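Since the structure comes first, as structure tokens, the remarks are kept for the end.
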Amino acid sequence: MSHEPVAPAASAPSPQPEAGRTVVEPLPAPLRGAATVPGDKSISHRAVLFAAMAEGTSRLSGVLDSEDVRSSIRAVSQLGAEVSLEKQPDGSLAGGITGWGSRGPKQPDGAIDCGNSGTTARLLMGVLAPWDVQAELAGDESLTRRPMRRITAPLMKMGARFLPEGRETLPLTICGSPRLRAITYDAPMASAQLKTAVLLAGVYADGTTTLNEPAPSRNHTELMLPEFGVTTTAAERTASVTGPARLTACEVRVPGDPSSAAFLVCAAVLKPDSSIQVENVSLNTARIGFTRTLERMGAEVSVRHMGAEGKEPFGLISACYTSNLHGCEVPAEKIAAIVDEVPVLALVAAHARGVTVFREVGELRVKETDRLAAIVEGLEVLGVDAWIDGNDLYVEGQPGLHTPEGALFDSKMDHRLAMTWALAGLCGTAPVQVAHFDSVKISYPRFLSDIERLAR
């Protein structure tokens, strides 16, 4: 497998990969043994941001070292938190963050660059809303296309302002207010980022702030805020916080990321004779929907709880090669629990008998790229019929699917797509090329080396 892009030769007998493309070869052997995955990205973001808000020095370990999380680290440093996180032998980050506490964040010098991280940008809006600061939030080209009105609308109801008025994408300047109003807000979509931004603003508002959702979303914020001394009340589709309150420093250990684990699990399901375990991975019920979807397809996947870090459960996920996969329907109310895994689940569905339907996945249109269109485009490269009807995605599987020679996939600089199309080569019958594969550094920098190690 070549990890470095190779420039085309002037007179080569067969075309070489162009710059920006990575050749992914089929794995030489089944996947066997145990693996760990990097720290959970969602929990890592929250650990960094909440520690920055807290009084005192929090101790963090297992923090994901990725471009997205580093965007959050740079942002809180710019706002006055003292960050001393260092790289550990296992590739994670660990150390201390001394927060600004009751002083509040400082006025930043210049714009805060959120890179490609929608989580950084959206959660920072909630962090900054209760303080007398003005901060411009910017990002890369991809992030500036992602919708922000879902966050700005409730925060404006609470008393924050955003400039220029009416703008719905970055760059935006948030003008915070120390006199935020508590609100009850009915969210138009299930979004953990929206919920978190509103709850973080509500920590400092006078009264009880409540957010209601149409479907359950990730609950990491509701589980972590009490660790920092802030009481939350939460049910399946609602969460509340009563302010004014304050965060106090604590210790956070970040378990492995289930969204990263999903790629190893799906690889084991697709690669003949494979059998693996992914250890020390978060088993938060809002995050392991992909295991239940695979089970509905007939895949041999199981989950075993081993304990908890704070209120976050962790354990291991086991997976084996399954030759007789079949299509299934994933209802709309289950999508929030698998939204990041839909691309790789669609690839598994491409190998199954019958049609798999993912209901109401329109949210995929506003991820790092239009993932919905990109999934259909990539499956077409494999010769698999896939189509969109409204907000529903259909995949007609082909048992015994063979990878076509010379297949070229465009990741569109989206880390989830890059890993998905890499699996088409790793678990397939012929090498593939993946454009902009290095986008995996956003969430899982060691993806290739981890999966190759399991195949030795």
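Every number here is computed from the coordinates shown, using simple stated rules; none is lab data. These figures come from a predicted structure and were not determined experimentally.
On a C-alpha basis, how far is the centre of segment 83-127 from the centre of segment 380-419 in Å? Whole number, if you could? Here the answer is 36 Å between Cα centres. The count of lysine pairs in segment 41-253 whose Cα atoms are under 26 Å apart, excluding pairs fewer than 8 places apart on the same chain, comes to 6. Once the Cα-Cα distance is subtracted from the 0.36 nm per residue extended length, the Thr231 to Arg304 segment shows a gain of 23.4 nm. Where both bridge residues fall in the chain, DSSP classifies roughly 70% of the beta bridges as antiparallel. Within segment 41-253, DSSP assigns beta bridges of which about 75% are antiparallel (rounded to the nearest 5). Partners of Lys334 within straight-line reach, counting aspartates and glutamates whose Cα lies under 15 Å from its Cα and excluding those fewer than 8 residues away in the same chain: Glu213, Glu236, Glu295, Glu360, Glu363, Asp392. The lysines within cross-link reach of Lys412, meaning a Cα-to-Cα straight distance under 16 Å and a gap of 8 or more places when in the same chain, are Lys367, Lys441. The stretch between Ala373 and Arg161, if pulled fully straight at 0.36 nm per residue, gains 72.9 nm over its current Cα-Cα span. Between the C-alpha center of segment 23-70 and that of segment 297-312 there is a gap of 17 Å.
The candidate values are [x] 4, 21, 31, 25, 14, 4, 0, 0; [y] 4, 16, 21, 21, 18, 13, 6, 1, 0, 0; [z] 4, 21, 33, 29, 12, 1, 0; the one derived from this structure for P(r) over Cα pairs in 10 Å bins from 0, in percent carries the label [x]. The angle separating the long axis of helix 149-158 from the principal Cα axis of greatest extent in the chain is about 20 degrees.
Partners of Lys271 within straight-line reach, counting aspartates and glutamates whose Cα lies under 14 Å from its Cα and excluding those fewer than 8 residues away in the same chain: Glu25, Glu300, Glu452. Close amide H partners of Phe162, meaning residues 5 or more places away or on another chain with modelled amide H under 5 Å apart, are Cys175.
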